[in-house]
Amino acid sequence: MLLDDALRAVPVVERFDGPIVDVGSGGGSPGIPLAVALPHREVTLVEAERRKCEFLEDWAPPNARVVWGRAEEQPPGSWGVATAKALAQPPVAAEWCLPLVRVGGTVVLWTGPSVDLAALARVSEHLGGGPPETADGLVVLPKLAATPPGFPRRVGVAKKRPLA
Ligand SMILES: C[S@@+](CC[C@H](N)C(=O)[O-])C[C@H]1O[C@@H](n2cnc3c(N)ncnc32)[C@H](O)[C@@H]1O
């Protein structure tokens with residue numbers, strides 16, 4: 001069920017302090033269920049399509065705000081946790097999400113069972129992240145060091161020339 005799918009991240013998210021950003025929220029998952037389940041956490045729902053943002057505005061609980069924009073354009077190092085479900089191929093989603101998270105935070109990706117963890121490990125290392133951990137079918141990338149200069153790359157580059 002959609003709600004259970006979003007909420008299985010709660011135990012992982014609770015291990016890390018700070019505001020949460022859900023990148024590519026689309027119809028609201030997992031950002032809205034997480035905001036409802038964790039009412040004391042600030043949640044930012046970042047979505048590139050304006051019409052989807054209007055929908056998100058209607059459903060966002062008081063601790064969530066909606067940002068119309070792209071991951072690559074958001075202020076780096078501003079969140080404790082970044083989540084992304086069905087955002088892009090996992091290496092691209094990791095490249096978009098890791099710069100948003102401060103050192104000590106984490107990225108949580110919803111991926112399929114056949115995810116290439118070695119590719120994700122390469123991207124993560126490149127961007128200051130640690131080796132991927134798996135938890136309840138999610139991939140967790142801890143942010144261990146600052147994002148290197150040159151990242152995030154310009155809009156469109158991560159998809160055109162993925163790091164892995
Ligand atoms: C397939 S949908 C998934 C939506 C939702 N997370 C879910 O699982 O139902 C991917 C969403 O990511 C948005 N998106 C794609 N690239 C983005 C980017 N670079 N920054 C922000 N949003 C993006 C798209 O507009 C789309 O709404």
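The values are calculated or read from the model by the stated rules, or taken from the named source; none is laboratory data. Only a predicted model underlies this, so the values are computations on that prediction, with no experimental measurement involved. For neighbour counting, all protein chains shown are included, and Cβ atoms are generated from backbone atoms with ideal geometry for every residue, glycine included. Ligands, DNA and RNA are excluded from the accessible area calculation, which covers all protein heavy atoms including side chains. Shrake-Rupley method; radii C 1.70, N 1.55, O 1.52, S 1.80 Å.
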- Message: Can you tell me how many residues within region 29-48 are under 11 Å from ALA84 (Cα atoms) and in a loop (DSSP other than H, G, I, E, B)?
- Response: 2
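In region 149-158, is there at least one residue being on the phi < 0 side of the Ramachandran plot and not in a loop (DSSP other than H, G, I, E, B)?
Taking region 149-158 and keeping what is on the phi < 0 side of the Ramachandran plot, we get 149, 151-155, 157-158.
Restricting the remaining residues to those that are not in a loop (DSSP other than H, G, I, E, B) gives 157-158.
Yes - at least one qualifying residue is present in region 149-158.
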- Only one of ALA164, ALA48, ALA158 is buried (at least 18 other Cβ atoms within 10 Å of the Cβ), of a type outside the set (Asp, Glu) and in contact with a Leu (Cβ under 8 Å, 6 or more places away or on another chain), namely ALA164
- Any hit, region 107-120, residues being open to solvent by less than 30 Å² (accessible area, probe 1.4 Å) and part of a helix (DSSP H, G or I): yes
- Filter result (more than 10 Å from the ligand (Cβ to nearest atom) and open to solvent by less than 20 Å² (accessible area, probe 1.4 Å)) within region 34-45: LEU34, ALA35, LEU38, VAL43, THR44
- Query: Any residue at all in region 122-132 that is touching a residue at least 24 places away in the same chain (Cβ under 8 Å), closer than 21 Å to PRO19 by Cα and assigned to a loop (DSSP other than H, G, I, E, B)?
  - Reply: yes
